[in-house]
Amino acid sequence: MERPVARVAVDVPHAHLDRPFDYAVPPELGEVAQPGCRVRVRFAGRLVGGFVLDRTELAVHDGRLIPLAKVVSAEPALTAEVAALARAVADRMGGTLADVLRLAVPPRHARVEAQPRMSEPQPSPEPQPSPEPQPLPEPEASGPALPVDGWARYVDGPAYVEALTAGRSPRAVWSALPGSGWPAEIAAAVAAALASGRGAVVVVPDRRDVARVHAALLARLGQGRHVVLVADCGPAERYRRFLAVRRGEVRAVVGTRAAAFAPVGDLGLVVVWDDGDDLHDEPRAPYPNARDTLVLRSHLAGAAALIGGFARSVDAQALVASGWARSLSASRATVRAVAPRVTVAGDESELARDPAARAARLPTLAWETARAALREGPVLVQVPRRGYQPALACQDCRSAARCPHCAGPLGRPRGDASPACRWCGRPAIGWRCRDCGGDRLRAVVVGSRRTAEELGRSLPGVPVRTSGGDTVLAAVPAESTLVVATPGAEPVADGGYAAVLLLDGWSLLARPGLRAAEEAVRRWTNAAALARPAPLGRVVVVADAGLPAVQALVRWAPESYAEREAAERAALGFPPATRLAALDGPPAAVAALLDAAQLPPGADTLGPVALDDHRDRALVRVRRAEGA
């Protein structure tokens, strides 16, 4: 009781109450009310939860302190390092500490806390019995295993691993070579961090990537040296693994975006794979991105950082340009040796030979490449949209077909089905165009199921499999198979694909948004990296050959494309060179906030402009260094 005051982070949603509050510690709770414990306190006349952040001798509050009502658990679930990280994430994202702590600390399970410590923690991704758990996929076949010195293929790879082993904290943005060797290279970096007596956190986009890294860590570290943190484990099993990390029983964690807050003690390395994937974006307030969270954590904890992927995001390139991280890539000779051959089904030579290739969805080059490659192994066809015909338009005037009831877009779920609204589900019986009165429909976008149907008719006797939506394949065997997949759902082929076809490139490039071209390069590169090295593997992209995004894939130069994209955005004042805030609300409220805000010199205020009769929007733009 030398420190009779508890500083508590109270779980309240209001932004003006986003600060710690002082409470008195009763003598009977003096031993259990330790920093990191869950407590119940009386706040505004009701009992709410919270975490003890600290114990102090003196209170900031001058009046009488309300005593703690209850210590929910003596288990310190929140570490000081994670609490500081949560505060930094909340400040950066304009959120509250309570919202971030809900993302960082899983719900408590008293039965799990009462269990003895795990003598040998089992990191198997198969969850223990829980309400309808969904186990992770089994690690798929990924071709021949890379040698231990897989990092030797990169210019500064050996130096990076040596620095980790020596206990230093290098930070790098890593352009991974195509192929299936990236999980083994991540495992080697984690092993180097553990060898220096420190811990590691690895964050990947989805559970298939978790299974691949999990298998690589098992092969490199052995059983019981790491845990898998994913939501599919079930609440009880996830909390059991969380406690194993918190208690220091294991020091390595692999998981999806929530694992970025894993309470690893003496953190030495943070790894994020494919940081441009939108699965790294948290859909709940304050919407942090796993890359930004791990960058903050690396900076606060003094840990090494490894931001990797086949493509390079503009945000990662900004870290290199600022000097915070170094670029880690292979020489051009090594890239040419392991990358597939990429051709464009729309360049001048192809148009001279096949004038119809400009309008064809599957030009002659792509068709002949697929037919020849099927004699050597599986062929991957990437289609941007899932479904059958997800978007329809009028055959006569090309206007988008809309539902007469709710104005939603019309689509066709199957070839034998009538057009129906994708919003309300009503069938569009007797539809007529509002602009020209026509009653005929045409497909604007062809989905993966329709593509598989067309290819199945054209290639009789060849098995056709689809991957996307609710049915995502983890792996396919090394046999003559046609795989039609949506971006992000491409299965790994044993030994690599003989050919990869990237269809409907215009659909990805024409998406509204600042990152459309960057996202197209990322999706194309991720699919092309699954092909065999040239000359055994070929990639055909159906797009305009003169576009910088297409040339970045042809030359396999993600670094130079990211540099160019970052320079163009900086010239226009777009992120990540700047930070933007959007203010939406009633006109009077937006105007009052702009008048009261203490903006830094040089801040640009765009607007306000009317969104509708009741709401205005204003944009505030500042330099990146003034983002706070």
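The values are calculated or read from the model by the stated rules, or taken from the named source; none is laboratory data. Keep in mind that this is a model prediction, so the values were computed, not measured. Cβ placement follows ideal geometry from the backbone for every residue including glycine, while neighbour counts extend to all protein chains displayed. Keep in mind that these areas ignore ligands, DNA and RNA; they rest on the heavy atoms of the full protein, side chains included. Shrake-Rupley method; radii C 1.70, N 1.55, O 1.52, S 1.80 Å.
Tabulated data for the structure shown
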{"read-out": "Charge dipole magnitude, Cβ of K and R +1, D and E -1 - the chain, Cα centre, debye nearest 20", "value": "600"}
{"read-out": "Accessible-area ranking of 394, 436, largest first, probe 1.4 Å", "value": "436, 394"}
{"read-out": "Residue 109 accessible area, assembled protein chains, probe 1.4 Å, Å²", "value": "60"}
{"read-out": "Dipole in debye (nearest 20) - the stretch 474-578, about Cα centre, beta carbon charges: Lys, Arg +1; Asp, Glu -1", "value": "80"}
{"read-out": "Accessible surface of the chain, 1.4 Å probe, proportion on carbon and sulfur as whole %", "value": "52"}
{"read-out": "Accessible area of the stretch 305-348 divided out per residue, in Å², using a probe of 1.4 angstrom", "value": "38"}
{"read-out": "Between the stretch 417-472 and the stretch 263-300, the alpha-carbon center distance in angstrom", "value": "38"}
{"read-out": "Packing rank of 591-604, 473-486, where each peptide gets the mean count of other beta carbons within 10 Å, highest leading", "value": "473-486, 591-604"}
{"read-out": "Between helix 207-221 and the chain: long-axis angle, C-alpha atoms, 0 to 90°, nearest 10", "value": "70"}
{"read-out": "Positive-end extreme of charge dipole, the chain - chosen from 114, 252, 537 (charges on Cβ)", "value": "537"}
{"read-out": "For the chain, calculated [θ]222 nm from helices alone, where every DSSP H run of n ≥ 4 adds -39500 (n - 2.57)", "value": "-8500 deg cm²/dmol"}
{"read-out": "Cα→Cβ-extended label distance, 7 Å offset, between residue 506 and residue 74, nm", "value": "7.0"}
{"read-out": "DSSP-assigned coil residues among GluC sites (Glu not before Pro) in the stretch 1-94, each with at most 11 further Cβ atoms within 10 Å", "value": "2, 31, 57"}
{"read-out": "Counted charge near residue 560, where neighbours are those whose Cβ lies closer than 14 Å (Asp, Glu -1; Lys, Arg +1)", "value": "-1"}
{"read-out": "For residue 318, net neighbour charge (Lys/Arg +1, Asp/Glu -1) across residues whose Cβ lies under 12 Å away", "value": "0"}
{"read-out": "Inter-probe distance in nm under a simple model that places probes 7 Å from Cα toward Cβ, at residue 44 and residue 84", "value": "3.1"}
{"read-out": "Net charge dipole size for the stretch 384-427 [Lys, Arg +1 and Asp, Glu -1 on Cβ; Debye, nearest 20]", "value": "160"}
{"read-out": "Gained length - residue 285 relative to residue 364, 0.36 nm times residue gap less alpha-carbon distance", "value": "23.6 nm"}
{"read-out": "Selected from 464, 507, 305, residue furthest toward positive end of dipole (the chain; charges at beta carbon)", "value": "464"}
